[in-house]
């Protein structure tokens with residue numbers, strides 16, 4: 001019987017992501033384009049969570065945007081080959097502070113030597129109380145591209161766009177007339193550059209079902 005990677009929380013027959021960068025901290029309201037040197041020598045593929053409570057009891061994926069009649073709030077993060085850039089905007093000035101945890105992957109086309117991040121781990125380096133995503137395919141695209149996965153279900157996917165030398169996660173699974181955009185189906189990952197000046201996109205497709 002064929003092994004289904006979705007039946008396992010951890011299966012070392014399949015590649016797992018490796019965190020090569022971690023940074024935590026906080027920003028005050030309306031701090032914009034705050035840069036933090038990462039010292040990696042290449043552009044990491046960053047992602048993370050932010051929260052208004054310091055214990056992260058109210059986590060939100062980065063990038064985060066909330067639009068109501070009373071306020072518009074956003075937290076964004078991007079990276080280039082030297083720095084991480086963070087922005088926290090709230091039009092009415094509330095909440096006054098946001099906390100963040102930023103993680104980074106090494107791009108699929110990088111061959112750099114990176115330092116261990118184990119000093120940022122708690123007691124468990126691997127803990128099978130949690131699911132570890134099983135990587136199916138990773139790569140880059142320089143123009144409109146359709147990547148076939150043919151898994152027969154909608155898998156978990158991460159996509160980043162590189163615009164003007166800054167790489168940031170794409171947070172919505174959709175295609176826009178002005179791009180960049182990404183859409184995942186039961187057979188394909190569709191990447192669209194459209195009218196933007198994005199130079200390329202990075203993608204990671206997982207065996208794990210969305």
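Among the residues of segment 190-209, which ones are at pLDDT below 95 and out of contact with any helix residue (DSSP H, G or I) (no Cβ under 8 Å at 6 or more places or on another chain)?
Those that are at pLDDT below 95 and out of contact with any helix residue (DSSP H, G or I) (no Cβ under 8 Å at 6 or more places or on another chain): 190, 191, 192, 193, 194, 195, 196, 197, 198, 199, 200, 201.
Just checking, does segment 33-53 include any residue being outside the structural domain of residue 159 (by TED's automatic domain parsing), free of Cβ contacts under 8 Å to residues at least 12 places away in the same chain and either on the phi > 0 side of the Ramachandran plot or out of contact with any helix residue (DSSP H, G or I) (no Cβ under 8 Å at 6 or more places or on another chain) (or both)?
Checked against the condition, which is being outside the structural domain of residue 159 (by TED's automatic domain parsing), free of Cβ contacts under 8 Å to residues at least 12 places away in the same chain and either on the phi > 0 side of the Ramachandran plot or out of contact with any helix residue (DSSP H, G or I) (no Cβ under 8 Å at 6 or more places or on another chain) (or both), segment 33-53 yields at least one hit.
Name the strands (runs of 3 or more DSSP E) wholly inside segment 1-116 in which the number of residues that are within 18 Å of residue 159 (Cα to Cα) is 3 or more. It would help to see each step written out before you state the result.
Numbers: elements: 21-28, 31-37, 45-51, 60-62, 64-67, 72-79, 83-90, 97-105.
Qualifying strands (runs of 3 or more DSSP E): 45-51, 60-62, 72-79, 97-105.
Over 18 Å from residue 160 (Cβ atoms), modelled with pLDDT of 95 or more and surrounded by 15 or more Cβ atoms within 10 Å (Cβ to Cβ): does that describe residue 43? Break it down into steps so the answer makes sense when it comes.
On the way: over 18 Å from residue 160 (Cβ atoms): no; modelled with pLDDT of 95 or more: yes; surrounded by 15 or more Cβ atoms within 10 Å (Cβ to Cβ): yes.
For residue 43, the condition - over 18 Å from residue 160 (Cβ atoms), modelled with pLDDT of 95 or more and surrounded by 15 or more Cβ atoms within 10 Å (Cβ to Cβ) - is not met.
Mind listing whichever residues of segment 117-152 are part of a loop (DSSP other than H, G, I, E, B), surrounded by 13 or more Cβ atoms within 10 Å (Cβ to Cβ) and at pLDDT 95 or above?
149, 151
Can you name the condition, by its number, that residue 80 falls short on among (1) over 25 Å from residue 172 (Cβ atoms); (2) modelled with pLDDT of 95 or more; (3) within 18 Å of the chain's Cα centre (by Cα)?
Tallying (1) over 25 Å from residue 172 (Cβ atoms); (2) modelled with pLDDT of 95 or more; (3) within 18 Å of the chain's Cα centre (by Cα), residue 80 fails exactly one: (1).
Taking residue 73 and the conditions (1) under 30 Å from residue 41 (Cα atoms); (2) surrounded by 16 or more Cβ atoms within 10 Å (Cβ to Cβ), which numbered condition does it fall short on, given that it satisfies the others?
The failed condition is (1).
Would you confirm whether or not segment 19-26 contains a residue that is over 18 Å from the mean Cα position of the chain (by Cα) and surrounded by 13 or more Cβ atoms within 10 Å (Cβ to Cβ)? Break it down into steps so the answer makes sense when it comes.
Within segment 19-26, the subset over 18 Å from the mean Cα position of the chain (by Cα) is 26.
The next check asks that each one be surrounded by 13 or more Cβ atoms within 10 Å (Cβ to Cβ); those that pass are 26.
The answer is yes; a qualifying residue exists.
The values are calculated or read from the model by the stated rules, or taken from the named source; none is laboratory data. Quick caveat: nothing in here was measured; it's all calculated off a predicted structure. As a convention, Cβ positions derive from the backbone with ideal geometry for all residues, glycine included, and neighbour counts pool all protein chains shown.
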